[in-house]
Structures are given as structure tokens and as C-alpha cells.
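Data block below; observations after.
Here, each number is a calculation from the coordinates, and none is a lab measurement. Remember, predicted model here, so these are calculated numbers, not experimental data. Here Cβ is always computed from backbone atoms with ideal geometry, including for glycine, and neighbour counts include all displayed protein chains.
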Amino acid sequence: IDPTQPLSVYGVDSLVAVELRNWLREALKVDMAVFEILGGSSYATIARDVVKRS
């Protein structure tokens, strides 16, 4: 997995984005909107945003 590729390249859709958002909220106590996950974000971008919000 290339962490710089958009999540959509790996088949992440709205249902997966909701699950990821819920996991981030429960496991890491980070609130992130689904549109932030789906808006062309990569795993690297999401990780950076999670660190900023932690």
C-alpha cells in the first residue's frame, strides 16, 4: 500500500469511511468528518491530521 495514494485507489467508499471515522473516534479519541476521509485524502494525510488533533 502506497500511503500517498488517495484512499479511493484502494476501494474506500462511504461505508468504509464511516467505519474508519468511528474507529478513529473510539480508539484514538480523534473526531474526523467522513468528507475529510473521502475528500482525496491518503493514509499519510489522515495520519498527519490525527497526530495534529491528538
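For the range 11-16, putting each phi into the Karplus relation 6.51 cos²θ - 1.76 cosθ + 1.60 with θ = phi - 60° gives couplings of x, 6, 10, 5, 5, 5 Hz, in residue order, rounded to whole numbers and with x for Gly and Pro. About the centre of its Cα atoms, the chain shows a dipole size close to 240 debye [charges on the beta carbon of Lys, Arg (+1) and Asp, Glu (-1) only; nearest 20 debye]. Only one residue of Gly39, Gly11, Leu24 has its Cα farthest out toward the positive end of the dipole of the chain, where Lys and Arg carry +1 and Asp and Glu -1 on Cβ, and that residue is Leu24.
Within a Cβ distance under 14 Å of Ala27, other residues only, what is the Lys/Arg minus Asp/Glu net charge? Result for the local shell: +1. When you filter the trypsin sites (Lys or Arg not before Pro) in the chain for DSSP loop state and at most 11 other Cβ atoms inside 10 Å of their Cβ, you are left with Lys29. Looking at the square roots a ≥ b ≥ c of the eigenvalues of the Cα gyration tensor of the chain, which shape do they give, rounded for a/c under 1.5, prolate if a/b is larger than b/c, or oblate? Oblate is the answer for the chain, as a/c is 1.5 or above yet b/c matches or exceeds a/b.
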